[in-house]
Amino acid sequence: MDDMGKWPEVDKAATGKRRELVLQGPSVDKRISSDGGLSSAIYSLTLLNYLEVSQCPSLTEIHEDIQHLTNLQSLILCRNKLASIPNVVDKLKCLKVLDLSVNNLRVLPQEITELRELNTLNVSCNNLEVLPEGLSQCTRLSTINISKNRITSLPSDLFSERLDLLSALVASDNSIEQLSRDIHKLAALKVLDLSNNKLNEIPFDLSDCPKLKEINFKGNKLNDKRLEKMVNGCQTKSILDYLRGKGRQAEDAGEVDGGRNTDKGKRQQPRKKKEKVAAEQDEVEELNKMVVRVLQVSDTSPTLMVKVSAKVKDVRPYLVCCVIRGMNLKPGNALKRFLMAQTKLHEDLCGRRTVATIASHDMQLVKAPLVYDAKPPTQLKIVPLGRKEMTAVELIRHLQMEADELRKQKKRQNVTGLHKYLQILQGKEFYPCLVDAEGHVISFPPITNSDKTKIKKTTKELLLEVTSATSLQTCKDVMDALIVKMAELNKFTTEHQEEVDSDGEGCHAQELASICETSSELIIQQVRTVDQDGNLKVVYPSKTDFSKVVSNLTIIW
């Protein structure tokens, strides 16, 4: 029997009948090392639907008792030193997300192919040489990430019509020598990354994937040098058009390859049919063209972290943050549309800021690390948007005076604008605030942001913050909605090409080199929120987020 005093998180999950358990970092790793593994009590938490054990180098194996957690939907075991995964993994019949990235795995159990509900498989950054045959049985798979392994070839059944939901296949930084011509069978494929492999050809059949929007073949020595130049130029549409042209040439030559008849008369008919179907679906798929990539904490350095003070507990205890790249605010009215969308969310989903409050900052002007704190009104100093520095008491007084004056001028009974949020803090001994590394308050929710981190047209990286006195899930729901809206706005800006900035060349983030700056794709960098002792409170986004809006977006992990 484990000493539950050593594992308070497990004890708390058991007594509270919780459905989520997160164990990570040095303190957990130390206990794993001294106990010779995870607490066996974890495997009795049969109500769990989310289990994360990460950043624990002492964790080299998972006990087969994990088979008892039959309600698990997400199993996150990243950034450990796992050498194997128990064969009983197939007992986890409800599993939808399996993240085994950044471990020491050399082989995956065949039983993984029995996970019929699996939609996300991430085994990146391991030592895998092969993938198990039979993944086509996982017919709900949407995202597969096998990057940074030693894989030389992809299993033939991976290119199966049964995988009609597979939208993202990331297999960069391996030793893959050939891409099957059956790639065209993946009808839902939108993102394909085979950069830094050993390919010398790209099959022209790739152009038959009707929904393909993002491809990356950089770092491969292709025989066709013209195609290689296009690949290095990040020109997805041009590459697909070029491959389509090669396909027509092959038809004219009457080629037959690998048992697939390329006779001109027989090939053109299905090609035209596919093109017609794709054209008919264009309008329906408009929202689905929006792509959001998540840079996980394990993939980014340095990691932005927000420490939450115990003082906020009685005033506004809940906070989630994330960093957004790829939001183009420079063209035309893009910035104005974003600010108007934020205001509308405040009015509707945020219940006029009574339920939650959104703040956006220019990340380049933010001095990390950050602390979410609470201060007495007389000690909280901020440079409010468009004003000089003042204390919270002075700001509230100014706003109240403005509200009274405005009410008299307009002969109204109720105040409008920013002034109507003043009553939210009435009677509070402490006011919440987000403080940077230099001690400056950059946010005073629900009242205002600091002028020091104000976003502008030139802002390329945003820190988003949502706070609430209601619940953590409220913060997540609001942030989800905000990011969906940002994706819609960014797509609108890209498609309408309003005065595109002249310096917008190159690509965002080298680790995602396939995404050009002219793309409407957003990139989210996860942000950790921890308590005063450094224990994780929340990381946003996690793989359980966006559950209510997943149909509107393609989320790539």
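The values are calculated or read from the model by the stated rules, or taken from the named source; none is laboratory data. In this text the structure is predicted, and so the values were computed from the model without any measurement. Here the Cβ positions follow ideal geometry from the backbone for every residue, glycine too, while neighbour counts run over all protein chains shown. Calculation scope for accessible area: heavy atoms of the full protein, side chains included, ligands and nucleic acids excluded. Shrake-Rupley method; radii C 1.70, N 1.55, O 1.52, S 1.80 Å.
Which sequence of Arg316, Arg106 reflects their accessible areas, 1.4 Å probe, from the largest down?
Order by accessible area, largest first: Arg106, Arg316.
Which value, in debye to the nearest 20, describes the size of the charge dipole of the range 85-134 about its Cα centre when Lys and Arg Cβ atoms bear +1, Asp and Glu Cβ atoms bear -1, and nothing else is charged? If you can, show how the numbers build up before the last one.
Values: 5 positive and 7 negative charges, 30 e Å.
Rounded to the nearest 20 debye, it is 140 debye.
Roughly how many whole Å is it from the C-alpha centroid of the range 120-147 to that of the range 306-329?
Answer, in whole Å: 33.
How high is the relative contact order of the range 146-235, in percent, counting Cα pairs under 8 Å that sit 6 or more residues apart? Display every interim value, and only then the final one.
Details: 183 pairs, mean separation 22.3, N = 90.
In percent, rounded to a whole number, it is 25.
Tally up the carbon and sulfur contribution to the accessible surface of the range 199-247 as a whole percent, 1.4 Å probe, everything protein left in place.
Details: 1000 of 2200 Å².
Carbon and sulfur: 46 percent of the exposed surface of the range 199-247.
Too long at a 20 Å Cα-Cα cut-off: which of Lys148/Lys213; Lys336/Lys460; Lys330/Lys485? Mind showing how you got there, number by number?
Working: Lys148/Lys213 23 Å; Lys336/Lys460 15 Å; Lys330/Lys485 17 Å.
The answer is Lys148/Lys213.
How much area per residue is accessible in the range 147-199 when the probe is 1.4 Å and only protein heavy atoms are counted (Å²)? Don't skip to the end; give the middle numbers.
Details: 1960 Å² over 53 residues.
Ligands and nucleic acids excluded, the result is 37 Å² per residue.
Roll a 1.4 Å probe over the protein heavy atoms and report the accessible area of Tyr431 in Å², nearest 10.
Only protein atoms counted, so the area is about 30 Å².
Taking the Cα centre of the range 128-236 as origin, work out the dipole magnitude from +1 charges on Lys and Arg Cβ and -1 charges on Asp and Glu Cβ, in debye rounded to 20.
Working: 15 positive and 15 negative charges, 76 e Å.
The calculated dipole for the range 128-236 is roughly 360 debye.
When the dipole is taken about the Cα centre of the range 34-134, and only Lys, Arg (+1) and Asp, Glu (-1) are charged at their Cβ, what size is it in debye, to the nearest 20?
Details: 7 positive and 12 negative charges, 40 e Å.
Here the size comes out at about 200 debye.
With the crude spin-label approximation of a point 7 Å out along Cα→Cβ, what separation in nm comes out for Asp404 versus Asp11?
Using points 7 Å along Cα→Cβ, the separation is 5.4 nm.
Express in Å², to the nearest 10, the accessible area of Arg387 obtained by rolling a 1.4 Å probe over the protein heavy atoms while all chains stay in place.
Looks like 70 Å² after rounding.
What is the spin-label model distance, in nm, from Arg18 to Ser33 if the labels are put 7 Å beyond Cα along the C-beta direction?
Here the answer is 2.4 nm between the modelled labels.
Could you tell me the accessible area of Lys198 in Å² (1.4 Å probe, neighbours in place), rounded to the nearest ten?
About 120 Å², rounded to the nearest 10.
Mind listing the phi-derived Karplus ³J(HN,Hα) values for the range 167-179, rounded to whole Hz, using 6.51, -1.76 and 1.60 with θ = phi - 60°, and x for any glycine or proline?
Whole-Hz 3J(HN,Hα) from phi for the range 167-179: 10, 9, 10, 10, 9, 6, 6, 10, 10, 5, 9, 8, 10.
So, in nm, how far is label Asn232 from label Asp164 when the simple model puts each one 7 Å beyond its Cα toward the Cβ?
Calculated label separation equals 4.1 nm.
Please report, as a whole percent, how much of the solvent-accessible surface of the range 1-72 comes from carbon and sulfur atoms (probe radius 1.4 Å). Could the numbers behind the result be given before it?
Values: 1740 of 3720 Å².
Answer for the range 1-72 is 47 percent, counting heavy atoms of protein chains only.
Using Cα centres only, tell me the gap between the range 433-467 and the range 48-94 in whole Å.
Between the Cα centre of the range 433-467 and that of the range 48-94, the gap is 38 Å.
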